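The values are calculated or read from the model by the stated rules, or taken from the named source; none is laboratory data. Since this is a predicted model, take the numbers as computed values, not measurements. Methodologically, a virtual Cβ is constructed for each residue, glycine included, from the backbone with ideal geometry; neighbour enumeration extends over all protein chains shown. What goes into the accessible areas is simple: the full protein's heavy atoms, side chains included, and nothing from ligands, DNA or RNA. Shrake-Rupley method; radii C 1.70, N 1.55, O 1.52, S 1.80 Å.
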Amino acid sequence: MYYDFKSVEPKWQKRWEESGVFHASDDHDKPKFYGLVEFPYPSGAGMHVGHIKAYSGLEVISRKRRLQGYNVLFPIGFDAYGLPTENYAIKTGIHPRKVTDTNIAKFTDQLKKVGFSFDWTRVIDTTEDGYYKWTQWIFLKMFEKGLAFRDKTLVNYCPSCKVVLSNEDSQGGKCDICHSDVIQKSKDVWYLRITEYADKLLEGLEKVDYLPNIKLQQVNWIGKSRGAFVNFPIKNNDERLRIYTTRPDTLFGVTFMVIAPEHPIIDKYADKISNMDEIEAYRAECSKKTEFERTQLVKDKTGVKIDGLTAVNPVNGKEIPVYISDYVMMGYGTGAIMAVPAHDSRDYDFAKKFGIDIIEVIKGGDISKEAYSGDGEMVNSEFMNGMTNKKESIAKMIDYLTEKGIGEGGVQYKMKDWAFNRQRYWGEPIPIVHCPKCGMVAVPYDELPLKLPEVENFEPGSDGESPLAKIESFVNCKCPKCGGDAKRETDTMPQWAGSSWYFLRYVDPHNEKSFADAEELKYWMPVDWYNGGMEHVTRHLIYSRFWYKFLYDIGEVPYEEPYAKRTAQGLILGPDGVKMSKSRGNVIDPNEVVESLGADVLRTYVLFMGDYEQAAPWSEDSVKGCKRFIDRIWNLLEITTDGEEYSEKLSVPMNKTIKKVSEDIEQMKFNTAIAAMMTLLNTVYSIGEINKAELKTLILLLNPFAPHVTEEMWEKMEFGGTVTDWSWPEYDETKCVDSTVQIAIQVNGKIKARIDVPTDISSQDAIAAAKKETVVASLIEGKTVVKELYVKGKLVNIVVK
RNA sequence: GCCGGUGUGUCGGAAUUGGCAGACGAGACAGACUCAAAAUCUGUUAUCCGCAAGGGUGUGUGGGUUCGAGUCCCACCACCGGCACCA
């Protein structure tokens, strides 16, 4: 009997849709499970096999949880604001709203054809008024609390996309979207003060169950460092040059200072500086360099000595020169450093190039060759001499600085405030009004959502202005405070906005009074398990934790952390072993697999192809193995016999498999779970029959992976109702072991024989049995037995001399 | 440069966390069925020596710990990912 997936799969998809079995229940007395996957950006290209793998992990877990009696929330939605849609609209003239709707319809259809058990009554579209109303609402709350602010700064600007980019979006000096070079431009932009949450974001990591490498990436991203601020007096002047250092213990080794090219002290004392021309020239040169070029020149230090400004080392009164160099950044610390060439490689390079003294203060290295940053005895450091413990030295110096009023301990973060703006059409309008009298005024909450105006031309303005700036009817408005003429903010929010809180909306997606009902939040939050791509563990994961923690602080959400657990799946590579891309032509279309082999095969294969967390190449051949597996499962119907209990032959394999599959799913070791079912299947075929009890269990175990074929078999066997009405199989630990095991016999660690022994054999009996083996007996004859040991159920090792 | 990860047959990958390396799948080879092909089923398949029985060698490289190492320790090599002049 041939398994006709082409008719069976749509049949069950239709039934699931009609019965609503996968809708989360309102019954708050049941234990809950909230499984979250990263909602897709609905691109025109449609679904990618990567999406299938990303969703299949929690799909299996969610289906298992339902069978285990949980009330499961497994939602899906669309993160639909973004540049590709807008660029497509500009190119074709089709409105982004229309493009988005078309793409969402396409994704929805494709997802349903794979049979995912999403709750389709809770779908979110971040571009719908009912949704972005609350995105704007949260923004206004932040504005109210001073966390959303405007600042004039140098921003990363992409001349090709005509947008301001965040540091995150312009890594390596290239635009994330079009990959052209990013330049620096001064502009008034919106920021979110995420740095205020740096410590909370760091501390919160201790309370959550994230994969260790995910935690580590977040820790590195936040980049907290401890050190000290020290004020260096300027000679013949009341000025203090303030620096930040992580190594205050090396203060006696300071031989010069360096300030960033943008440091304000230069303009302040321009009249005292004799080589201002030279400095101006250097500054001009630096401002032309992009961030990328600056970092490219790591090896070759440049700079200019400031003639006329001399600093004084506050611990020993020594006069030291001040340099200007672009290896010091204005955006970190104070924009000025104390340079200790003997113990910092960058300062070392600079000192070598400019012929500055290098004074060793910590022994242990060879400072004629390179800087030494290790531990050692302190020298040339007056009251610090003789100390050997870095930690203690730092503490001692900080105490000294504090006592003398020269400086104090402090911390710094690498993380910068979040540039929260786009000069684009297809995004959430920022609900702020600029009033000539009142300044920046929030749009009143009852006027939200501030809707995106209808326009025909989506092209950004030539100078980095949003297309909204061209729409008079939108721009011109009345000030909500004084009623006078005012202008609306025309920037829109960046693409990360909508995805920063979507998991909260799923809990209560149709609420018009609040972003989600408090009771619903209390029941469903936190997300029990969040799975997504490794590429999102810094930006999206940190941004959304930040928003959530803010909402917690203003009493809008119930728990401190949004996600209890976070995992990440590995990429699916093309058959050629490299990342799939259109240009390489190695992209696998999931729809074609569904069409030709069936959704169950696709689902099983993406989980079977390798370790879920690791990248693995697609194989056109291997996928056929899963097709055979599904067909062989189906063909069990022909060899099924009566029987309400596991047969003697299959009792142990059945129990073992239930255990293995149950445990492996929890650890996302889907590949070995499937392998265990394949092994069981091979055992069944070698016996030649399976009874109803055994088939029932096998169907239940496989159901989360291949729901269509298992439902169809369940129905054919008339087991009653559908698989979804049943519960996850249990196993008996005592029935997971065979009565006899094969053990290996080693002599001096080399395997010489194998024998079958009762599983519960004693150590003495096992060793005795081993010695009776003729090969073994001949090997140990006439020699002294030094040691003999038995590892239960594994092996006997006899060591002879 | 710093941090993290990975390295196992022809290929994707297993290995109960120190105990029989190569589960499971693919591919290949042989056989059955077929007029034939596909599909399906059965068997073989790390490698070297040997007709065979059997023996040797094998988890990136080199050392070490141990009765025993893919697994632990030290050094090195290669590839992948993240951060990157962060003071």
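What the table below lists for this structure:
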{"item": "The one condition in (1) open to solvent by 80 Å² or more (accessible area, probe 1.4 Å); (2) in contact with a helix residue (DSSP H, G or I) (Cβ under 6 Å, 6 or more places away or on another chain); (3) within 27 Å of A:LYS152 (Cβ to Cβ) that A:ASP375 fails to fulfil", "result": "(3)"}
{"item": "Filtered residue count, the stretch A:719-751, keeping only those that are within 16 Å of RNA strand B (Cβ to nearest atom), buried (at least 17 other Cβ atoms within 10 Å of the Cβ) and of a type outside the set (A, V, I, L, M, F, W, C)", "result": "2"}
{"item": "Cβ pairs under 7 Å, 6+ apart, first in the stretch A:529-550 and over 16 Å from A:LEU216 (Cβ atoms) and in contact (Cβ under 8 Å) with a residue 60 or more places away in the chain, second among the β-branched types (Val, Ile, Thr) and within 16 Å of RNA strand B (Cβ to nearest atom)", "result": "A:ASN531/A:THR567; A:PHE546/A:ILE194"}
{"item": "The stretch A:486-514: number of residues that are in contact with a Lys or Arg (Cβ under 9 Å, 6 or more places away or on another chain) and among the aromatic types (Phe, Trp, Tyr)", "result": "2"}
{"item": "Verdict on A:GLY407 being touching a Leu at 6+ places or on another chain (Cβ under 9 Å), buried (at least 21 other Cβ atoms within 10 Å of the Cβ), closer than 25 Å to A:TYR323 by Cβ and touching a residue at least 12 places away in the same chain (Cβ under 8 Å)", "result": "yes"}
{"item": "Some residue of the stretch A:705-717 being near RNA strand B (Cβ under 9 Å from one of its atoms), open to solvent by 10 Å² or more (accessible area, probe 1.4 Å) and in contact with a strand residue (DSSP E or B) (Cβ under 8 Å, 6 or more places away or on another chain)", "result": "no"}
{"item": "A:VAL775 being within 12 Å of RNA strand B (Cβ to nearest atom) and under 30 Å from A:ARG632 (Cβ atoms)", "result": "no"}
{"item": "Scope the stretch A:674-689; condition near RNA strand B (Cβ under 10 Å from one of its atoms) and either part of a helix (DSSP H, G or I) or buried (at least 17 other Cβ atoms within 10 Å of the Cβ) (or both); matching residues", "result": "A:ILE674, A:ALA675, A:ALA676, A:MET677, A:MET678, A:THR679, A:LEU680, A:LEU681, A:ASN682, A:THR683, A:TYR685, A:SER686"}
{"item": "Filtered residues of the stretch A:639-655 (kept if surrounded by 15 or more Cβ atoms within 10 Å (Cβ to Cβ) and over 15 Å from A:ILE687 (Cβ atoms))", "result": "A:ASN655"}
{"item": "Residue match in the stretch A:202-216 (condition: in a loop (DSSP other than H, G, I, E, B) and either within 12 Å of RNA strand B (Cβ to nearest atom) or surrounded by 17 or more Cβ atoms within 10 Å (Cβ to Cβ) (or both))", "result": "yes"}
{"item": "Selection within the stretch A:268-287 - modelled with pLDDT of 90 or more, under 43 Å from the mean Cα position of the chain (by Cα) and open to solvent by 50 Å² or more (accessible area, probe 1.4 Å)", "result": "A:GLU280, A:ALA281"}
{"item": "Qualifying residue in the stretch A:241-254 (condition: near RNA strand B (Cβ under 10 Å from one of its atoms), surrounded by 19 or more Cβ atoms within 10 Å (Cβ to Cβ) and basic (Lys, Arg))", "result": "yes"}
{"item": "Flag if A:THR195 is among the hydroxyl-bearing types (Ser, Thr, Tyr), open to solvent by 40 Å² or more (accessible area, probe 1.4 Å), out of contact with any strand residue (DSSP E or B) (no Cβ under 7 Å at 6 or more places or on another chain) and closer than 30 Å to A:PHE149 by Cβ", "result": "yes"}
{"item": "Qualifying strands (runs of 3 or more DSSP E) (wholly inside the stretch A:303-356; at least 3 residues being surrounded by 17 or more Cβ atoms within 10 Å (Cβ to Cβ) and either within 8 Å of RNA strand B (Cβ to nearest atom) or on the phi > 0 side of the Ramachandran plot (or both))", "result": "A:336-339"}
{"item": "All positions within the stretch A:555-590 that are of a type outside the set (S, T, N, Q), free of Cβ contacts under 8 Å to residues at least 24 places away in the same chain and within 16 Å of RNA strand B (Cβ to nearest atom)", "result": "A:VAL578, A:LYS579, A:ARG584"}
{"item": "Single unsatisfied condition, A:LYS692 versus (1) closer than 21 Å to A:SER56 by Cα; (2) more than 7 Å from RNA strand B (Cβ to nearest atom)", "result": "(1)"}
{"item": "Identity of the residue in the stretch A:435-487, part of a loop (DSSP other than H, G, I, E, B) and among the basic types (Lys, Arg), that ends up farthest from A:GLN136 (Cα to Cα)", "result": "A:LYS437"}
{"item": "Hey, A:GLU262 outside any strand (DSSP E or B), crowded, with 17+ Cβ neighbours inside 10 Å, at pLDDT below 90 and out of contact with any Ser or Thr (no Cβ under 6 Å at 6 or more places or on another chain) or not", "result": "yes"}
{"item": "Subset of the stretch A:601-652 (residues that are of a type outside the set (Phe, Trp, Tyr), under 24 Å from the mean Cα position of the chain (by Cα), within 14 Å of RNA strand B (Cβ to nearest atom) and under 25 Å from A:TRP714 (Cβ atoms))", "result": "A:VAL606, A:LEU607"}
{"item": "Residues of the stretch A:436-462 that turn out to be in contact with an Asp or Glu (Cβ under 7 Å, 6 or more places away or on another chain) and more than 25 Å from A:TRP134 (Cβ to Cβ), as a count", "result": "0"}
{"item": "Residue satisfying condition, being under 19 Å from A:TYR55 (Cα atoms) and either more than 26 Å from the chain's Cα centre (by Cα) or among the aromatic types (Phe, Trp, Tyr) (or both), within set A:ASP109, A:ASP119, A:ASP129", "result": "A:ASP109"}
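Yes or no, residue by residue, for (1) free of Cβ contacts under 8 Å to residues at least 40 places away in the same chain; (2) away from RNA strand B (no atom under 16 Å from the Cβ); (3) in contact with an Asp or Glu (Cβ under 9 Å, 6 or more places away or on another chain):
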residue: A:HIS179; (1), (2), (3): yes, no, no
residue: A:ASN231; (1), (2), (3): no, no, no
residue: A:ASP271; (1), (2), (3): yes, yes, no
residue: A:ASN275; (1), (2), (3): yes, yes, yes
residue: A:SER287; (1), (2), (3): no, no, yes
